[in-house]
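Every read-out reported here was derived from the displayed coordinates using simple, explicitly stated rules and does not represent laboratory data. Values in this document were obtained by computation on a predicted structure and should not be read as measured data. Using ideal geometry, Cβ is built from the backbone for each residue, glycine included, and neighbour counts are taken over all protein chains shown.
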Amino acid sequence: MANHLFLPLISPILAAALAVIFTHQQWRWLARGVVLMSITFNLGYSLWLIWLIGSEGRQVTQASNWIAPFGITFVADGASAIMLCVSSLLMLVTVIYSLSSLDPGYENFYYYPLLLLLLLGVSGAFLTGDIFNLYVWFEVLLLASFGLITLGGSRPQLEGGLKYVVLNLIGSTAFLIACGMLYGTVGTLNMAHVAERMQRVQNPSIVTAIACLFFFAYGSKAAVLPLFFWLPTSYHTPPAAVTAIFSGLLTKVGAYSLYRILGQVFQGELARLAPYVLLIAGLTMLVGVFGAMAQMNVRRILSFHIVSQIGYAIMGLGLASAAGLAAGLLFTAHVMIVKTALFFIGGAAEQIYGTGDLKKMGGLARREPALAIFWFLGILSLAGIPPMSGFFGKVALLQAGVNQGAYLISGVAAFTGILTFFSMLKIWNEVFWKKAYGDMSKLPRVTPGLLLPGAALVIISLALGLGAGMLVDYTNVAGEQLFDWAGYVISVCGDEGCEAAFEAALR
Amino acid sequence: MILLLAIAIGTLFAGAVYLMLRRSVVKLILGLVLLSHGVNLLIFTMGDGVRRAGLPIVDSSTGIAEPGTTDPLVQALILTAIVISFGLTAFIMALAYRATQAVQSDDLDDMAHTDRL
């Protein structure tokens, strides 16, 4: 029993409640302190969890100590620990960025408690071992994100927010249908138990239907090809800090759930669906990057790149192997960090000019060289140029692809990398390199609070690139763990497996 | 019973899709409400209670389930789903109210500004 798995859930909800209580102006310092402390605790805890999983293997606990397949199980393995770690890191940096970039009026409307609830939902989704519980965590994080995306109430936010909410609700509904049908088919929703019963299901075609419904549900959260429309229409409307944390966490939770449910629980189905998953992955990469080329707004370009990068994560899934999942995890962890960094730096540039329109920006490289340097390092990382972490993420994916003979998707992935760099250079040219648009002397200077969060994340990306060996070793183990559903069943229900535990409890 | 429920679910889904494809924000929300009802009924049919018409009651002294006892878990799932969809509907109504105020229109086609280049 690893009951400490509840700590990363208790800490944000407790801190959110305290931060709500101390919203008043004179107590605000206390609320901010509590928020920062809670997220720092989560970050420290997830680092410890990574170490613990490295030495002891999967960590499992049962809510209320119910016997395994009956209650709600919480499981941490390598994949969930690294996602937990990266998301609390991003949340910490986002809070620091928000402190200096955001109008303090936002705090009157519970901005930081909402961020914490988002972290709560995300952490729960990473740790849970029960499919219906995963649905509930998704709703927790969605409700927090609904609040964050519409906080401020400007017209674009309300328009974009409405589409975001409706399309996400339809995705959640598909998730619920899939949960119901799965329960009707196998009679359990515990992931380990489902994986075990999946082996001897009488009617394989209904399982294919359920797997496709899950793909639709998580795919719409992760913004894969035909389901990504809510993303570019809404992500550029809230403040830059909110966009940054959304890009870091929300779509990646969808990708993680795809890995967990399709890559682990529905593994047999995944092998059958793999060609279609790869097709969707390739199209998502290309359509995302082509969509980005047509845009003329910093954050809209970056939003389309989120879609394109999700294609890579789905490619890792479509390879349907431990190596593919490992490479996908490596890439996802890298892109969460770099994408958030680029949104921070792009948001800082936007704040200087008061607009995100590329035509009305320019000349920033001369005025703010530090910002320009970190932006350039960031796009190098996103495009996958050697010393940065992006290179190793892409190399791992291409290696896994070529080893399995998936040449076409590997070619598309490499080609998309070039297009990504091209599209990012457009922002570089327009915002940083070209001559200044109008008189720049009256524009505000970048403050350390705007520069440092993005810079810190870019440096982390560089460090991950330089120390890539350790990270690759870690994600290889995590990928093996994720792909090994039988080991997962044994960790959750004991050596006999869930079915035996189920029978024993009924007797 | 199953047949009746199947027809009801299908009708709810059809109505939901029809309403969601209209241009009015209010009809969109009504469509989402119908959709969540349809899903709740669908989950209900997934339990064995509909077929067996038994009680989900276990003998409290022995803890043994009699043959024919039905599984109450689907009802618990539905209850959770109802609560969540209730909260989300309340949120989206408030959001739609604010959005129609800001755009001065109930027509979804007037809400395409954030999509333009």
Task: Full-stretch length increase - B:D115, B:A76 - with 0.36 nm per residue and alpha-carbon distance subtracted - done: 10.0 nm
- [ ] Can you spot the aspartates and glutamates whose alpha carbon is less than 20 Å from A:K442's alpha carbon? Ignore those fewer than 8 places along the same chain.
- [x] A:E350, A:D357, A:E368, A:E430
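Rounded, prolate or oblate for region A:247-399? Axes are the square roots of the Cα gyration tensor eigenvalues, ordered a ≥ b ≥ c, and the cut-off for rounded is a/c under 1.5.
Since a/c reaches 1.5 and a/b is larger than b/c, the shape of region A:247-399 is classed as prolate.
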TODO: Compute the relative contact order of region A:3-506 as a whole-number percentage, counting only Cα pairs closer than 8 Å that sit 6 or more residues apart in sequence.
DONE: 17
TODO: Taking H placed 1.01 Å from N in the peptide plane, check which residues at least 5 places from A:I72 or on another chain put their amide H under 5 Å from its amide H.
DONE: A:A63
Task: Theoretical FRET efficiency, 1/(1+(r/R0)^6), r = Cβ-Cβ of B:M1 and A:L30, R0 51 Å, to 0.05 - done: 0.30
Task: Protection proxy ranking of B:79-88, A:409-418 - average other beta-carbon atoms within 10 Å, highest first - done: A:409-418, B:79-88
Open item on the list: Helix-only estimate, please: 222 nm mean residue ellipticity of chain A, summing -39500 (n - 2.57) across DSSP H runs of length 4 or more and dividing by its residues, to the nearest 500.
Closed with: -25000 deg cm²/dmol
TODO: Can you tell me how much longer the chain between A:R272 and A:M293 gets when fully stretched, taken as 0.36 nm per residue apart minus their C-alpha distance, in nm with one decimal?
DONE: 4.1 nm
- [ ] Could you let me know the centre-to-centre spacing of region A:120-185 and region B:30-61, using Cα atoms, in angstrom?
- [x] 22
Task: Candidates B:F44, B:F13, B:F91, ranked by Gaussian network fluctuation over chain B, Cα under 10 Å, top entry - done: B:F91
Open item on the list: Quick check: net charge around A:Y112, other residues with Cβ under 15 Å of its Cβ, Lys/Arg +1 and Asp/Glu -1?
Closed with: 0
- [ ] Within region A:131-231, report the chymotrypsin sites (Phe, Trp or Tyr not before Pro) that DSSP leaves as loop and that have at most 15 other Cβ atoms within 10 Å.
- [x] A:F229
Open item on the list: At 0.36 nm per residue, and after removing the present C-alpha to C-alpha distance, how many nm does the segment from A:L52 to A:T40 gain when stretched out fully?
Closed with: 2.5 nm
Open item on the list: Give me the net charge for the shell around A:Q481: Cβ to Cβ below 15 angstrom, other residues only, Lys and Arg +1, Asp and Glu -1.
Closed with: -3
Task: Alpha carbon centroid spacing (whole Å) that separates region A:343-401 from region A:80-102 - done: 18
TODO: Read phi for every residue in region A:338-353 and hand back ³J(HN,Hα) as whole Hz from Karplus 6.51 cos²θ - 1.76 cosθ + 1.60, θ = phi - 60°, with x for Gly and Pro.
DONE: 5, 4, 4, 4, 5, 5, 4, 5, x, x, 5, 4, 4, 5, 5, 7
Task: Partner chain coverage, peptide A:147-154 - average Cβ within 10 angstrom - done: 2
Task: Karplus-derived 3J(HN,Hα), 6.51/-1.76/1.60, for each residue of region A:472-485, Hz, glycine and proline x - done: 5, 4, 4, 5, 4, 4, 4, x, 4, 4, 5, 7, 8, 5
TODO: Just tell me how shielded B:90-96 is by partners: mean number of partner chain Cβ atoms within 10 Å of each residue's Cβ, no decimals.
DONE: 4
